[in-house]
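Below: one structure, written as structure tokens.
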Amino acid sequence: MKIYLSLMLLFPLFGAAISSLFGRKLPRRLVETIACAAVWGSFVCAFLAACTYRAPEKVTLGDWLSAFDLLAPLSLYLDPLSLSLAVMIGFVCGLIHVYSVFYMAKELDYARFFALLNLFVFAMLTLILAENLPLLYLGWEGVGFCSYLLIGFWYTDKRNADAGRKAFITTRVGDTALVIAVAWLFQLTGSLSITQLNGMAFLLPGGVITGIGLLLLVGAMGKSAQVPLMVWLPDAMAGPTPVSAMIHAATMVTAGVYLLARMFPLIGGSATVTAAVAVTGGVTAFYGASCALAQRDLKRVLAFSTISQIGYMMLGVGAGAITAATFHLLVHAFFKALLFLGAGCVISAMHHEQDIFKMGGLRRTLPLTFWCYLAGAACLAGLPFTGGFFSKDSILAALWLKGGGLYRGLYLLALLTALLTAFYSFRMVYLVFCGENGRPHVHAELKAMQWVLIPLALLGLFGGLLNLPDYLGGGFLNGFFARLSGGAAAEASHLEELALQGVASVLALAGLLAAHLRYGGKARAQRLKESALSSSALTMFLLNGWYFDRLYHAILIRPYQALSGVLWRRMDEGVIDDSLDRLAAGLGASGSWLGGWTTGRISVYIFSFAAGGALILGYLAWLTL
Amino acid sequence: MEAILFYLLAAVTLIGTLCAITARQAVRAIVYLVTSFFALALIFYLLGAPLVAAFEVIIYAGAIMVLFLFVIMMLELAHPEKLAKPRLSEWWPALILMLVVIGSVAVLAAARQPAPPAAFHGITVREFSVTLFKRYGVAVEVISMQLLFALVGALYLGRRR
Amino acid sequence: MTVPLYHVLILAATLFSLGLACVVAWRANVIMMLIGIEIMLNAVMLTFVGGSAQWGIADGQLFALMLMALTSAEVSLALAMVVYLHRRKRSVNTDDFDSMNG
């Protein structure tokens with residue numbers, strides 16, 4: 001087990017090291033092969049670890065931080081949660097790597113790209129496998145750092161670089177909260193080991209747990225793009241599409257959900273925290289879905305859908321259904337990767353046009369992409385019997401079963417969100433693939449890229465098999481996660497579950513129908529015409545993400561800029577620089593004035609010397625008098 | 001008697017020096033100075049230092065002043081019309097300095113009058129030599145080295161090129 | 001010897017200040033400057049000898065002798081330099097040699 005775990009981490013790390021150190025010297029094919037092989041090797045290790053997995057295991061690879069009573073060894077923890085995520089990450093990232101080889105075929109700076117991708121995978125694996133919080137934080141920051149570099153990969157364009165900075169700075173807000181929580185936990189318990197901390201939950205007072213839980217929630221908000229720290233994710237579309245797929249599906253944004261699920265035994269004891277998590281998730285889910293309704297950029301639609309889906313996962317965690325949340329996380333990873341990679345194919349075929357109102361007709365020219373994309377959209381919308389349907393439904397069921405006014409309200413909000421989700425998913429499909437007005441450009445790489453979609457589509461569609469409801473024979477994940485503390489969700493009767501699923505499927509189909517009526521067939525042309533005109537206030541409101549960017553600009557960035565301006569002009573230039581300048585000028589002037597005394601005339605020197613001596617002598621005499 | 005002689009010699013010394021520094025020609029200044037140094041040598045003798053007095057006459061009045069004379073003649077500076085005399089304005093700072101120095105030293109010396117000396121009959125040559133070569137042997141060596149260096153330096157500066 | 005020490009010292013101070021005045025005033029002639037330095041050194045010697053007479057020990061006279069040796073070294077070098085400089089600029093005015101200004 002130790003060898004699998006260490007290799008799982010070392011493969012991507014070595015891949016990154018080789019690509020970054022020698023990438024420019026090596027032939028392109030070799031770099032690409034190494035990068036892909038590293039990730040697939042990591043996946044194989046994860047798979048083998050899964051095959052030999054018997055019970056949760058802790059593996060210590062070596063010492064890392066040990067000063068006084070602060071102990072943070074390089075130790076990894078393998079339990080169902082981390083194992084399932086590791087397998088998923090290895091697989092999805094492996095596919096994304098293969099896809100990137102074709103997608104970035106014309107990119108000159110391939111070595112940097114693949115080095116960062118590998119490092120990204122390494123950081124994410126470190127994050128999920130870490131047994132103690134500092135190691136987890138290392139992965140956490142590694143993910144943030146790689147995402148910053150990858151979002152701003154085409155950094156020569158200022159917009160891209162700004163998007164990278166925005167992502168980095170926004171997630172930093174959450175990271176700060178996480179660091180505070182880690183330090184607080186250490187101060188309270190003297191331990192940083194996650195397993196120990198989870199076991200100590202009952203020792204800590206409720207108020208403290210609430211505080212820590214809320215800090216962790218803020219950390220997760222930043223990383224998982226939850227309201228109110230979600231503004232960076234739509235802009236993160238500036239990166240290359242495979243990077244978006246990676247950030248949205250396998251790495252980065254799921255880190256927050258993972259953190260909360262991981263620490264759930266600790267923080268789950270506080271009802272305030274779970275309610276806060278659930279409310280955050282519910283509001284975010286609704287926010288993301290509503291914004292996705294109005295977006296015109298294909299990738300932004302998917303970005304908002306990610307925000308919304310992560311919101312669902314947070315809802316699941318908030319409802320105490322770790323299994324359901326993880327289930328949705330896994331399935332979402334598959335279909336969101338599928339959608340992003342499909343979007344990459346579409347964008348590549350449309351000459352990098354991202355406006356969905358300018359696309360169309362791709363159903364016939366890119367049939368393979370179309371069918372895979374359709375599968376992804378069906379999963380996203382939660383059409384019955386797709387993976388997304390089962391996973392989303394398990395979250396909804398957990399919410400329903402949790403009971404209480406708050407959770408019932410959130411259940412209704414989640415249902416509304418499901419309706420919106422189905423609507424915008426198929427709005428996107430109709431606009432992109434139906435109609436006539438597209439002139440796609442099908443090149444050789446595109447054909448190769450399409451094949452990557454197939455395994456993801458299959459996994460997305462049949463992902464439900466991972467965790468079927470009880471009446472269909474019970475789920476694999478349920479049994480797998482049963483021993484995980486907080487994993488076992490409340491049991492629903494079969495009838496109740498069927499009813500809940502019926503409601504969800506009716507809503508999904510209703511959304512599909514609405515999308516068909518509004519965007520399908522002849523109505524599509526009408527909508528295209530409307531899109532050229534100016535939009536209504538509501539559309540603008542949704543298109544701009546509820547104007548959150550502007551709000552933050554007004555309440556945070558503007559004052560900050562003003563303060564910086566004052567500090568710059570008044571403090572830095574006015575006080576510090578000026579005082580130094582004046583001092584230097586004064587010294588220079590006095591120096592040249594004194595230099596004037598060195599006339600080179602001995603007579604002046606002798607006279608000054610004698611006058612000085614006479615002065616001293618006179619002073620001594622005066623003292624004597 | 002000795003005291004009277006001292007004050008007379010002091011007057012001669014001062015007058016000779018004053019004439020020397022206000023002389024119109026360098027050669028005259030040297031001659032005045034030699035006079036002054038003779039008087040000074042006598043004062044040394046009165047102060048019980050016969051050896052220093054002898055050296056004063058031999059080295060200062062004899063050798064060094066003659067060296068000055070040589071150089072003055074060599075440089076043809078004896079012509080009075082060539083010498084730029086200091087103007088009166090250039091004497092003012094010198095006079096002020098003089099007053100300050102003399103005043104200060106007079107004040108200091110008068111304020112700290114030591115006890116009158118014990119019966120003192122001069123220092124014999126034997127005593128002098130014993131002190132010189134026993135206590136200050138190293139200093140003698142150092143000074144002899146310095147004289148050598150001065151010799152070498154003077155030769156270097158004076159060589160024809 | 002019945003002359004008090006401070007009379008000797010005042011005589012030395014007067015001599016010294018005369019030498020100083022010579023050095024300060026005769027900026028036009030470097031030889032006169034050197035003569036001023038000699039006068040000052042003689043004043044110092046007088047101080048030494050006076051001190052020696054006051055306390056009856058030989059050290060003061062000894063330093064007077066050493067001073068003489070040093071002076072002869074100094075004078076020989078200084079005059080050699082005067083000759084050298086005069087050869088270069090045909091001048092003994094110290095204000096003409098001001099090339100080492102700041």
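Considering region C:90-102, the residues that are within 14 Å of chain A (Cβ to nearest Cβ) and without any contact (Cβ under 8 Å) to a residue 60 or more places away in the chain include one that is farthest from A:I606 (Cα to Cα), namely C:S91. Determine whether region A:556-578 contains at least one residue that is surrounded by 11 or more Cβ atoms within 10 Å (Cβ to Cβ) and either in contact (Cβ under 8 Å) with a residue 24 or more places away in the chain or within 14 Å of chain C (Cβ to nearest Cβ) (or both). Scanning region A:556-578 turns up no residue that is surrounded by 11 or more Cβ atoms within 10 Å (Cβ to Cβ) and either in contact (Cβ under 8 Å) with a residue 24 or more places away in the chain or within 14 Å of chain C (Cβ to nearest Cβ) (or both). Of all residues in region C:44-70, those satisfying the criterion of being over 14 Å from B:F44 (Cα atoms), modelled with pLDDT of 90 or more and within 7 Å of chain B (Cβ to nearest Cβ) are C:M66, C:A69, C:L70.
Entry remark, region A:103-126: residues being at pLDDT 90 or above, within 25 Å of A:W451 (Cα to Cα) and either among the polar types (S, T, N, Q) or in a loop (DSSP other than H, G, I, E, B) (or both) number 1 in total.
Among the conditions (1) touching a helix residue (DSSP H, G or I) at 6+ places or on another chain (Cβ under 7 Å); (2) at pLDDT below 80, the only one that B:W91 does not satisfy is (2).
Go over the candidates B:V105, B:V52, B:V12 one by one and state the one that is out of contact with any His (no Cβ under 8 Å at 6 or more places or on another chain), more than 26 Å from C:A58 (Cα to Cα) and either of a type in the set (A, V, I, L, M, F, W, C) or not assigned by TED's automatic domain parsing to the domain that holds B:A154 (or both).
Numbers: B:V105 fails: more than 26 Å from C:A58 (Cα to Cα); B:V52 fails: more than 26 Å from C:A58 (Cα to Cα).
Among B:V105, B:V52, B:V12, only B:V12 is out of contact with any His (no Cβ under 8 Å at 6 or more places or on another chain), more than 26 Å from C:A58 (Cα to Cα) and either of a type in the set (A, V, I, L, M, F, W, C) or not assigned by TED's automatic domain parsing to the domain that holds B:A154 (or both).
When the helices (runs of 4 or more DSSP H) confined to region B:1-106 are screened for residues that are buried (at least 18 other Cβ atoms within 10 Å of the Cβ) and more than 9 Å from every other protein chain (Cβ to nearest Cβ), those reaching at least 3 such residues are found at B:26-46. Looking across region C:77-102, the residues that are assigned to a loop (DSSP other than H, G, I, E, B) and surrounded by fewer than 18 Cβ atoms within 10 Å (Cβ to Cβ) come down to C:R90, C:S91, C:N93, C:F97, C:D98, C:S99, C:M100, C:N101, C:G102. Pairing each residue of region A:59-79 that is farther than 18 Å from A:N198 by Cα with any residue that is of a type in the set (A, V, I, L, M, F, W, C) and surrounded by fewer than 17 Cβ atoms within 10 Å (Cβ to Cβ), provided the two are 6+ apart or on different chains, yields C-beta distances under 6 Å for A:L74/A:L61; A:L74/A:W64.
Remark: pairs (first residue in region B:120-144, more than 7 Å from chain C (Cβ to nearest Cβ) and over 24 Å from B:E2 (Cα atoms); second residue part of a helix (DSSP H, G or I) and of a type in the set (G, A, S); Cβ separation under 9 Å; 6+ apart in sequence or on different chains) = B:V140/C:A69; B:S144/C:A69. Taken together, the residues in region A:579-625 that are more than 30 Å from C:G36 (Cβ to Cβ) and either away from chain C (no Cβ under 12 Å) or in contact with an Asp or Glu (Cβ under 8 Å, 6 or more places away or on another chain) (or both) amount to 12. Residues of region A:66-91 that are part of a strand (DSSP E or B) and within 27 Å of the chain's Cα centre (by Cα): A:A72, A:P73, A:L74, A:S75, A:L76, A:Y77, A:L78. Residues in region A:256-275 that are assigned to a helix (DSSP H, G or I) and within 24 Å of A:T126 (Cβ to Cβ): A:G256, A:V257, A:Y258, A:L259, A:L260, A:A261, A:R262, A:F264, A:P265, A:L266, A:I267.
With respect to the conditions (1) free of Cβ contacts under 8 Å to residues at least 12 places away in the same chain; (2) of a type outside the set (S, T, N, Q); (3) closer than 19 Å to A:R601 by Cα, C:L65 lacks only one, and its number is (3).
Checking the condition buried (at least 16 other Cβ atoms within 10 Å of the Cβ), out of contact with any helix residue (DSSP H, G or I) (no Cβ under 7 Å at 6 or more places or on another chain) and in a helix (DSSP H, G or I), which residue from A:G211, A:G174 passes? Only one candidate passes the filter, namely A:G211.
The values are calculated or read from the model by the stated rules, or taken from the named source; none is laboratory data. Not measured: the values here are computed from a predicted model. So basically every Cβ, Gly included, is an ideal-geometry build from the backbone, and we count neighbours across all protein chains shown.
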